[in-house]
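Read through the structure below, which is laid out as structure tokens, and then see the notes.
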Amino acid sequence: MVTIVTGAASGIGAACVRRLAERGDTVIGVDLAADVDDQVRALGGALGVVADVSSSAACEAAVGHAIDGFGRVDHLVSAAGIELTAPAHEMDDDTWSRVQRVNVDGSFFMARTVGRHLIATGRPGSVVLIGSINSMMAMPGQVAYVSSKGAVLQLGRGLAVDWGRHGIRVNVVAPGVIDTPLNARSFADPVRIAYYADRTPLGRHGEPSEVASVVAFLTSTDASYVTGAFVAVDGGWLAGELPLTRTES
């Protein structure tokens with residue numbers, strides 16, 4: 001199987017490259033990082049491509065590169081994303097637009113390009129979009145991010161409905177508090193990370209590899225009847241009520 005992973009140079013994307021390569025997939029990683037090829041190959045992937053997913057032309061070129069090199073694409077994992085924070089009344093146009101372009105447009109452009117390829121070749125395949133617990137809930141200062149991740153959830157559902165008849169499955173994975181560079185500021189704040197741990201029923205943060213394992217399932221034949229799903233990998237965050245009071249035994 002040939003799988004494209006965006007956001008491949010770090011965090012959840014890098015973990016997906018490693019996990020899918022270990023499974024035996026030929027993995028093409030896409031990222032803005034100039035050394036993405038070196039990073040992807042170090043993780044066991046076949047190729048790294050520098051591309052800005054907020055550009056539809058760049059997405060088409062990246063997918064074309066994969067097809068030219070390996071003859072096909074079977075799966076897409078859209079993990080590229082950014083989070084820029086500010087109270088809604090202080091957020092400027094550029095910040096708002098940048099978050100939407102990367103998180104929403106980038107997910108759509110990559111999915112559309114892979115979907116067109118699969119439909120044209122008549123082969124089934126799958127797409128996994130990386131959403132967030134913020135697809136379903138909001139925190140202060142995150143209006144751009146939560147709006148984008150809510151859109152990613154609905155994008156996944158819409159694509160699943162449009163493409164089901166073509167044998168293309170589309171699902172959304174929603175990480176909770178995961179130890180990634182995107183969350184570096186939170187992990188540097190002991191008060192905040194302690195709050196997150198207390199707020200999470202499992203009592204800890206997650207690792208990128210735990211998200212990658214769910215992605216591996218959704219891109220496998222074991223998930224052959226799963227499409228349009230929202231799968232939270234959040235330690236139970238969305239199942240609890242805020243605030244969560246932990247009792248000691």
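The values are calculated or read from the model by the stated rules, or taken from the named source; none is laboratory data. The structure displayed is predicted, hence computed values, not measured ones. As a convention, Cβ positions derive from the backbone with ideal geometry for all residues, glycine included, and neighbour counts pool all protein chains shown.
Overview of results
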read-out: Test: residue in region 74-86 that is acidic (Asp, Glu) and more than 18 Å from the chain's Cα centre (by Cα); value: no
read-out: Cβ pairs under 9 Å, 6+ apart, first in region 215-236 and over 20 Å from Ser132 (Cα atoms), second of a type in the set (Gly, Ala, Ser) and in a loop (DSSP other than H, G, I, E, B); value: Ala223/Ala229
read-out: Subset of region 54-96 (residues that are without any contact (Cβ under 8 Å) to a residue 40 or more places away in the chain, more than 30 Å from Gly122 (Cβ to Cβ) and not in a loop (DSSP other than H, G, I, E, B)); value: His89, Glu90, Asp93, Asp94
read-out: Scan of region 48-69 for residues that are among the aliphatic types (A, V, I, L, M) and surrounded by fewer than 19 Cβ atoms within 10 Å (Cβ to Cβ), ordered by number; value: Val50, Ala57, Ala61, Ile67
read-out: Residues of region 71-88 classified as modelled with pLDDT of 95 or more and surrounded by fewer than 16 Cβ atoms within 10 Å (Cβ to Cβ), total; value: 2
read-out: Helices (runs of 4 or more DSSP H) (entirely within region 159-226) containing at least 2 residues that are under 17 Å from the mean Cα position of the chain (by Cα); value: 208-218
read-out: Asn134 vs. criteria surrounded by fewer than 22 Cβ atoms within 10 Å (Cβ to Cβ) and under 20 Å from Asn183 (Cα atoms); value: yes
read-out: Pairs with Cβ under 7 Å, 6+ apart, first in region 120-146 and over 21 Å from Ala216 (Cβ atoms), second among the hydroxyl-bearing types (Ser, Thr, Tyr) and buried (at least 20 other Cβ atoms within 10 Å of the Cβ); value: Asn134/Tyr145
read-out: Meets criteria (modelled with pLDDT under 95 and in contact with a strand residue (DSSP E or B) (Cβ under 7 Å, 6 or more places away or on another chain)) for Asn183; value: no
read-out: Qualifying residues in region 22-47 (those that are under 14 Å from Leu76 (Cα atoms) and under 17 Å from the mean Cα position of the chain (by Cα)) - the one surrounded by the most Cβ atoms within 10 Å (Cβ to Cβ); value: Val30
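For (1) closer than 27 Å to Val99 by Cβ; (2) out of contact with any strand residue (DSSP E or B) (no Cβ under 9 Å at 6 or more places or on another chain); (3) among the small types (Gly, Ala, Ser), each residue gets a yes or a no:
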{"site": "Gly167", "(1), (2), (3)": "no, no, yes"}
{"site": "Asp179", "(1), (2), (3)": "yes, no, no"}
{"site": "Arg192", "(1), (2), (3)": "yes, yes, no"}
{"site": "Asp198", "(1), (2), (3)": "no, yes, no"}
{"site": "Pro201", "(1), (2), (3)": "no, yes, no"}
{"site": "His205", "(1), (2), (3)": "yes, no, no"}
{"site": "Thr221", "(1), (2), (3)": "no, yes, no"}
{"site": "Ala229", "(1), (2), (3)": "yes, no, yes"}
{"site": "Leu238", "(1), (2), (3)": "yes, no, no"}
